[in-house]
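Structure first, then comments.
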Amino acid sequence: MSDKYFIDTNIFVYSFDIGNQAKRDTARKLIADALENSTGIISYQVIQEFLNVATRKFANPMTFLDAQRYLNIVLESLCEVFSSTELFHQALEIMDQWRYPFYDSLIIASASQSDCVILYTEDMQHNQTIRNLTIKNPFIEAL
């Protein structure tokens, strides 16, 4: 069985959260482990969502150069899932069967398609299993 895990956008956002040190530290550790051990992955969707939030919605938005640097060093290194019609079909099936919104279903489909065993996210049902994927909220685990 695979030891790969998928990291949702909110984990990256929390890695920059100066208002919540515990979540920031947990998120940074998860991302660092993913980079160091080559076991954590993301999709194109996570890159799009993160860069949108980081450059527009952070209290101190990332500059163009900082966003470019983070994309080059962190996000590109972890990205293994890209858009495809098959991915959209899987997302629709997940949306229909488990009743998640489309974009959450797309994250689940991306994790599932890449044979991840864990999806780290704060936004979905903790410990739920979908196909061979278990959803984990790393901030609950850290408490």
**OP:** Using only Cα atoms, find the angle between the long axis of helix 102-113 and the longest principal axis of the chain, and express it within 0 to 90 degrees, rounded to the nearest 10.
**Re:** 80
Original post:
If R0 is 35 Å, what FRET efficiency do you get for I18 and E80 from their C-beta distance, rounded to 0.05?
Top reply: 0.75
**OP:** Taking the chain as the reference, fit the longest principal axis to its C-alpha atoms, fit the long axis of helix 21-37 to the helix C-alpha atoms, and give the angle between the two in degrees, 0 to 90, nearest 10.
**Re:** 70
Original post:
Where the centre of each part is set by its Cα atoms, how far does the stretch 71-94 sit from the stretch 11-44, in angstrom?
Top reply: 18
**OP:** Between R56 and K29, with labels modelled 7 Å along Cα→Cβ, what's the label distance in nm to one decimal, could you check?
**Re:** 3.3
Subject >> Choice from Y14, Y44, Y103 with maximal GNM fluctuation in the chain (Cα, 10 Å cutoff) >> reply: Y103
Subject >> Two-site label geometry, D123 and N37: point separation in nm, points 7 Å out along Cα→Cβ >> reply: 2.5
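How do 57-67, 24-34 rank on mean C-beta neighbours within 10 Å, highest first? Mind dumping the intermediate values first?
On the way: 57-67: 11.5, 24-34: 17.5.
Final packing ranking: 24-34, 57-67.
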Original post:
Of all DSSP beta bridges located in the stretch 5-141, what percent are antiparallel, nearest 5?
Top reply: 15
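Assigning unit charges at the beta carbon (Lys, Arg +1; Asp, Glu -1) and nothing else, what dipole magnitude in debye, to the nearest 20, does the chain show about its Cα centre?
Details: 11 positive and 18 negative charges, 70 e Å.
The calculated dipole for the chain is roughly 340 debye.
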Original post:
Just one of (1) 9.3; (2) 8.4; (3) 10.5 is mean projected area of the Cα convex hull in nm² calculated from these coordinates, so which is it?
Top reply: (2)
**OP:** List the aspartates and glutamates whose Cα lies under 19 Å from the Cα of K57, skipping any in the same chain that are fewer than 8 positions away.
**Re:** D8, D17, E49, D66, E122, D123
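None of the figures in this text is laboratory data; all of them are computed from the coordinates on show. Quick caveat: nothing in here was measured; it's all calculated off a predicted structure. Please note: Cβ atoms are built from the backbone with ideal geometry, for glycine as well, and neighbour counts cover all protein chains shown.
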